[in-house]
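The values are calculated or read from the model by the stated rules, or taken from the named source; none is laboratory data. Since this is a predicted model, take the numbers as computed values, not measurements. Note that each Cβ is placed from the backbone with ideal geometry, even for glycine, and that neighbours are counted across all protein chains shown. Side chains are part of the model used for accessible areas, which takes the heavy atoms of the whole protein and leaves out ligands, DNA and RNA. Shrake-Rupley method; radii C 1.70, N 1.55, O 1.52, S 1.80 Å.
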Amino acid sequence: MKKVYLVATAVAATLLLAACGNGSAKTGEENKTSGAKITAVGSTALQPLVEAAKDSFTTENPNYQITVQGGGSGTGLSQVAAGAVTIGNSDVFAEEKDGVDAKELVDHKVAVVGMAPVVNKDVAVKNISQQQLIDIFTGKITNWKEVGGKDEKIAVVNRASGSGTRATFEKWGLDGATPVQSQEQDSSGTVKKIVAETPGAISYLALSYIDDSLQELSVDNVTPTPENIETNKWKIWSYEHMYTKGEPDKDVKKFLDYLLTDEIQNGPVKELGYLPITTMKIERSVDGKVTNK
């Protein structure tokens, strides 16, 4: 009987140790995969910068899982307000978006984005007046020869109604005018491709998307350069906002703070065609009031 008892005790002890060992292994695995999960959704104009910051940040902080998606500023604001995502990326102030309670959201400005009208390179136009720009987008001017270009029909390509790029362009480029009904695209990348491939096409893009496949337009002989944006001489620009619902927790704040470091502001911000917050010589409020910094 004593032998049987001792064997049973040994077996029980072995099973107990095995169970403890399995529990420890599981805990170790959980520790390896646990960490902050952040989903940032919204502005496609801001998307390239957030993706670049995510890549370098997660290399240094592998316990973070960060997902970046587009969808437009309206989508970002409505989803963060609903608590569906961690961060809502936007080219416009939350106060400018209908149906969003801006008081619940906290604004984190991470950069400035300039925007410019862009055309297919074959139209042979590089500069127009603001009134001509308004007349093109409202359908009063329909052929490029009316503004000194080729005898070619103008094809307007617009952004979807929830786009922050569209809201900024209409407010500052078109002086609040409503564009003519035309094809609408959700993605900045798609707009770029369509304008580059469609004779006579015109649209507008963040400077971060403009390359030599397109012709950007000057307006009233003012070019969309960083220097002109910094002083508000070029007015078609907006802040890049990353909104959270309430104050962010420490893990989310760590990522937001990282976007304001010199590493990002003097690196990807400039490399991708944005302007650092720190170089702006003026500030512009939601109602358009401009003050010197």
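Screening the candidates Thr225, Thr198, Thr165 for the property of being modelled with pLDDT of 95 or more and either of a type outside the set (A, V, I, L, M, F, W, C) or farther than 17 Å from Val123 by Cβ (or both) yields one hit, Thr198. Looking at region 194-202, can you tell me whether even one residue there is over 30 Å from Ala40 (Cβ atoms) and touching a Ser or Thr at 6+ places or on another chain (Cβ under 6 Å)? Checking region 194-202: not a single residue is over 30 Å from Ala40 (Cβ atoms) and touching a Ser or Thr at 6+ places or on another chain (Cβ under 6 Å). Condition first: more than 30 Å from Thr86 (Cα to Cα), assigned to a helix (DSSP H, G or I), touching a residue at least 40 places away in the same chain (Cβ under 8 Å) and not hydrophobic (A, V, I, L, M, F, W, C). Can you find one or more residues in region 126-141 that meet it? There is at least one residue in region 126-141 that is more than 30 Å from Thr86 (Cα to Cα), assigned to a helix (DSSP H, G or I), touching a residue at least 40 places away in the same chain (Cβ under 8 Å) and not hydrophobic (A, V, I, L, M, F, W, C).
Just name the residue that is most open to solvent (accessible area, probe 1.4 Å) out of those in region 142-165 that are assigned to a helix (DSSP H, G or I), touching a helix residue (DSSP H, G or I) at 6+ places or on another chain (Cβ under 9 Å) and of a type outside the set (Ser, Thr, Tyr).
Residues of region 142-165 that are assigned to a helix (DSSP H, G or I), as a first pass: 144-147, 164-165.
From the residues that got through so far, the ones that are touching a helix residue (DSSP H, G or I) at 6+ places or on another chain (Cβ under 9 Å) too are 144, 146-147, 164-165.
From the residues that got through so far, the ones that are of a type outside the set (Ser, Thr, Tyr) too are 144, 146-147, 164.
Working: Trp144: 0, Glu146: 93, Val147: 21, Gly164: 2 Å².
Among residues in region 142-165 that are assigned to a helix (DSSP H, G or I), touching a helix residue (DSSP H, G or I) at 6+ places or on another chain (Cβ under 9 Å) and of a type outside the set (Ser, Thr, Tyr), the one most open to solvent (accessible area, probe 1.4 Å) is Glu146.
Per the conditions (1) within 30 Å of Leu133 (Cα to Cα); (2) open to solvent by 20 Å² or more (accessible area, probe 1.4 Å); (3) at pLDDT 95 or above, the sole criterion not satisfied by Val106 is (1). Residues that are of a type outside the set (Lys, Arg), touching a Phe, Trp or Tyr at 6+ places or on another chain (Cβ under 9 Å), at pLDDT 95 or above and open to solvent by 30 Å² or more (accessible area, probe 1.4 Å) within region 27-68 comprise Ser56, Thr58, Glu60, listed in sequence order.
Pairing residues of region 166-181 that are open to solvent by less than 40 Å² (accessible area, probe 1.4 Å) with residues that are part of a loop (DSSP other than H, G, I, E, B), at Cβ distances under 6 Å and at least 6 apart in sequence or on separate chains, gives Thr168/Asp91; Gly173/Ile236; Ala177/Thr138. Of all residues in region 194-228, those being under 17 Å from Arg166 (Cα atoms) and in a helix (DSSP H, G or I) number 5.
Considered as a group, the residues in region 261-270 that are without any contact (Cβ under 8 Å) to a residue 60 or more places away in the chain and assigned to a helix (DSSP H, G or I) include one that is farthest from Lys171 (Cα to Cα), and that residue is Asp262.
Would you be able to say whether some residue in region 104-124 is part of a helix (DSSP H, G or I), over 25 Å from Glu197 (Cβ atoms), touching a residue at least 12 places away in the same chain (Cβ under 8 Å) and touching a Phe, Trp or Tyr at 6+ places or on another chain (Cβ under 8 Å)? Spell out the reasoning first.
Within region 104-124, the first condition is being part of a helix (DSSP H, G or I), and the residues that meet it are 104, 121-123.
With over 25 Å from Glu197 (Cβ atoms) added as a condition, the list becomes 104.
Checking which are touching a residue at least 12 places away in the same chain (Cβ under 8 Å) leaves us with 104.
Subset that is touching a Phe, Trp or Tyr at 6+ places or on another chain (Cβ under 8 Å): none.
No, region 104-124 has no match at all.
Taken as a whole, region 78-90 holds at least one residue that is closer than 19 Å to Asp287 by Cα, in contact with a Phe, Trp or Tyr (Cβ under 9 Å, 6 or more places away or on another chain) and surrounded by 15 or more Cβ atoms within 10 Å (Cβ to Cβ). Exactly one residue out of Lys293, Lys250, Lys281, Lys235 is of a type in the set (Lys, Arg), farther than 30 Å from Asp151 by Cβ and surrounded by 15 or more Cβ atoms within 10 Å (Cβ to Cβ), and it is Lys235. Residues in region 253-278 that are open to solvent by 90 Å² or more (accessible area, probe 1.4 Å) and among the charged types (D, E, K, R): Lys253, Lys254, Asp262, Glu263, Lys270, Glu271.
So that you can scan it fast, the table gives a plain yes or no per residue for (1) in contact with a Lys or Arg (Cβ under 7 Å, 6 or more places away or on another chain); (2) closer than 21 Å to Thr278 by Cβ; (3) not small (Gly, Ala, Ser):
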site	(1), (2), (3)
Thr59	no, no, yes
Gln69	no, no, yes
Leu77	yes, no, yes
Phe93	no, yes, yes
Lys109	no, yes, yes
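Only residues that are over 18 Å from the mean Cα position of the chain (by Cα) and under 24 Å from Ala52 (Cα atoms) were counted across region 181-210, and they come to 1. Cβ-Cβ distances below 8 Å connect the following pairs, each with a first residue in region 43-67 that is under 26 Å from Asp186 (Cα atoms) and assigned to a loop (DSSP other than H, G, I, E, B), a second residue that is polar (S, T, N, Q) and open to solvent by 30 Å² or more (accessible area, probe 1.4 Å), and a separation of six or more residues or different chains: Thr44/Ser187; Ala45/Ser208.
Listed by first and then second residue, the pairs linking a residue in region 74-91 that is farther than 15 Å from Lys253 by Cα to a residue that is acidic (Asp, Glu) and open to solvent by less than 10 Å² (accessible area, probe 1.4 Å), with Cβ atoms under 7 Å apart and 6 or more places separating them unless they lie on different chains, are Asp91/Glu240.
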